[in-house]
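Okay, structure first, notes after.
The values are calculated or read from the model by the stated rules, or taken from the named source; none is laboratory data. The structure presented is a predicted model; accordingly, all values stated were derived computationally and were not measured. For neighbour counting, all protein chains shown are included, and Cβ atoms are generated from backbone atoms with ideal geometry for every residue, glycine included. In case anyone asks, the SASA skips ligands and DNA or RNA and just uses the protein heavy atoms, side chains included. Shrake-Rupley method; radii C 1.70, N 1.55, O 1.52, S 1.80 Å.
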Amino acid sequence: MEKKASVLIIEDDRYISNFICMSLKQEGYRYLKAATGEEALRLCYEENPDVIILDLGLPDVDGIEVIEHIRSHCERPIIVVSARQEESEKIKALDMGADDYVVKPFYMGELLARIRVAMRKSEKAVQMEMTQTFQRDYLKIDFMNRAVYVEEKKIHLTPIEYKLLALLVANRGKVLTHNQILSRIWGSTESGDANSLRVFMATLRRKIEKDTTNPRFIVTEVGVGYRFAER
Ligand code: CA
């Protein structure tokens, strides 16, 4: 039998923690619970969970610090589940190395979907797909030949537009902050800025989206960054 994936839930609110654990159990995951940052780090070292769910408001340390500690020794996906909805908090968490951010109150179905995205990413399945083709509705990307098709018609993308699209597709379902995108495309956040990114994104959207005011593929996370639609 396949080994069950394990999820570490770092949450001091027992009601929320139990609610998440029950749902995970139903979905066939193993789970571990921590109510403080200290306990969380210990469990992280000892148990090496497959996915980490993290509340930011913990009694002993701030969740942002927990992300920093975890990232110093472990690459496992971290999904922040927090009541903090300020853009600056999301950006801080994502820039620090969190993989995703879910605002409370949340739908369990959405959290489970984000967990699946995180697992898929960490299983490197996406990298395997990257050597082949990606198809979503009327958009097709042939990674081998760096060719992009809209309704079977080949379209022309500049090298930067192609890199942007490939980066978003490789991370689909997950928010990428402006800084993350800038450093991955331009190598640093200095040479590109959020404004030029917005311009490149607008021209890319005009080329691949049928309705740019209601994008099908590249979703704006206002003030935070962009996400390629998971489905
Ligand atoms: Ca809390």
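The table for this structure:
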| quantity | calculated |
| --- | --- |
| Flag if D12 is open to solvent by 20 Å² or more (accessible area, probe 1.4 Å), within 15 Å of the ligand (Cβ to nearest atom) and in contact (Cβ under 8 Å) with a residue 40 or more places away in the chain | yes |
| Tabulated pairs, segment 55-69, first modelled with pLDDT under 95, second aliphatic (A, V, I, L, M) and away from the ligand (no atom under 13 Å from the Cβ), C-beta under 8 angstrom, 6+ apart or interchain | E68/M96; H69/L41 |
| Filter result (within 23 Å of the chain's Cα centre (by Cα) and open to solvent by 60 Å² or more (accessible area, probe 1.4 Å)) within segment 26-46 | E27, R30, Y31, K33, Y45 |
| Pair list, Cβ < 6 Å and 6+ apart or interchain, from segment 72-99 residues that are in contact (Cβ under 8 Å) with a residue 60 or more places away in the chain to residues that are aromatic (F, W, Y) | K90/Y101 |
| Test: residue in segment 155-173 that is out of contact with any Cys (no Cβ under 6 Å at 6 or more places or on another chain), farther than 27 Å from Y15 by Cα and of a type in the set (K, R) | yes |
| Any hit, segment 32-52, residues being more than 16 Å from the ligand (Cβ to nearest atom), assigned to a strand (DSSP E or B) and in contact (Cβ under 8 Å) with a residue 60 or more places away in the chain | yes |
| Selection status of R172, part of a helix (DSSP H, G or I) and of a type in the set (D, E, K, R) | no |
